[in-house]
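Only one structure is covered here, and it is reproduced in the block below.
The values are calculated or read from the model by the stated rules, or taken from the named source; none is laboratory data. Just so it is clear, the structure is predicted and the values come from calculations on it, not from any experiment. We place every Cβ from the backbone using ideal geometry, glycine too, and count neighbours over all the protein chains shown. In case anyone asks, the SASA skips ligands and DNA or RNA and just uses the protein heavy atoms, side chains included. Shrake-Rupley method; radii C 1.70, N 1.55, O 1.52, S 1.80 Å.
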Amino acid sequence: MMVKYIPDVNSWQLLFVRCVSQLVTMVPIMVLGKHHILGTPDWATRWRLAAQGILGGLLLLGIFEAVARLPLGDCTAIFFSAPAFTMVLYLIWSPYF
C-alpha cells in the first residue's frame, strides 16, 4: 500500500527499508539462539538459501514495481495466478528431478 499512496518513494528504497528492518529483527534472534550467520555448514544448503534470498528479494522488488505502475486490480490478478504457474512449472520440471 505504501507504494500506491507514497508515489515519491522509489521501490528500491522500500526494499532497502524492508531488508534493514528484517535484518534488525533477525540478527538478535540469531545471536541469542547461537545460530551461525551463514546457516548450516553444508554448502549445498547455503547455496539454496542464498538463491532463495536473492530470488525472494527480486520477487519483492517486482511486486513493488508492479503495484507502483499497474492498476491494483491487475496486480492482484497477476499475484493470485502465481500458484497456477507454479503447478504448471512443477508438472514440466518434476520428471527431471
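When peptides 54-66, 27-39 are sorted by average Cβ neighbour count within 10 Å, with the highest value leading, the order is 54-66, 27-39. Label-to-label distance, TRP12 versus MET26, with points set 7 angstrom from Cα along the beta-carbon direction: 2.2 nm. Given a 1.4 Å probe and every protein chain left where it sits, what share in percent of the accessible area of the chain is carbon and sulfur? It is 76 percent, rounded to a whole number. Calculated over the stretch 2-77, the projected area of the Cα convex hull averaged across directions stands at 6.3 nm². Measuring r between the beta carbons of LEU91 and ARG48 and using R0 = 25 Å, the FRET efficiency lands at 0.70. Annotation: per residue accessible area for the chain equals 86 Å², rounded to a whole number [probe 1.4 Å, protein chains only].
Each Lys and Arg adds +1 at its Cβ and each Asp and Glu adds -1 at its Cβ; summed about the Cα centre, the chain shows a dipole of about 220 debye.
Taking 8 Å as the Cα distance limit and 6 or more residues as the minimum spacing, I'd like the relative contact order of the chain as a percentage. This gives 37 percent for the chain.
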